[in-house]
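Heads up, the thing below is written out as structure tokens.
No value in this document is a laboratory result; all are computed from the given coordinates. In this text the structure is predicted, and so the values were computed from the model without any measurement. Note: ideal-geometry Cβ built from the backbone for every residue, glycine included; neighbour counts use all protein chains shown.
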Amino acid sequence: MLKWALIFAIVAIVAGALGFGGIAGAAAGVAKLLFGIAVIGFLIFLALGVFAGKKIMGR
């Protein structure tokens, strides 16, 4: 997921540098969305790991 966010961010930078404002804005929006989804997924799995670790350790 982060790989695609980085790809879209690079596309947005290149398109913006070449003057393609619409494409740059769209690619930046997609990159932000994918990055947000990746962060939310990370936080969910982090919480699940912490709670499962506590349950396994018996605390």
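Within the set (1) 4.0; (2) 9.4; (3) 3.7, the number that mean projected area of the Cα convex hull in nm² takes when calculated for this structure is listed as (1). Potential lengthening of the chain between ILE37 and TRP4 amounts to 10.7 nm, from the contour at 0.36 nm per residue minus the alpha-carbon distance. With neighbours defined as other Cβ atoms within 10 Å of a residue's Cβ, the residues VAL11, VAL39 order from fewest to most as VAL39, VAL11. For the peptides 44-51, 1-8, the ranking by packing is 1-8, 44-51, with the highest mean count of neighbouring Cβ atoms within 10 Å listed first. For the chain, the mean residue ellipticity at 222 nm estimated from helices alone is -32500 deg cm²/dmol, where every DSSP H run of n ≥ 4 contributes -39500 (n - 2.57) and the total is divided by all residues, rounded to the nearest 500. When each of the peptides 26-36, 12-22 is scored by the mean number of other C-beta atoms lying within 10 Å of its residues, the order from highest to lowest reads 26-36, 12-22.
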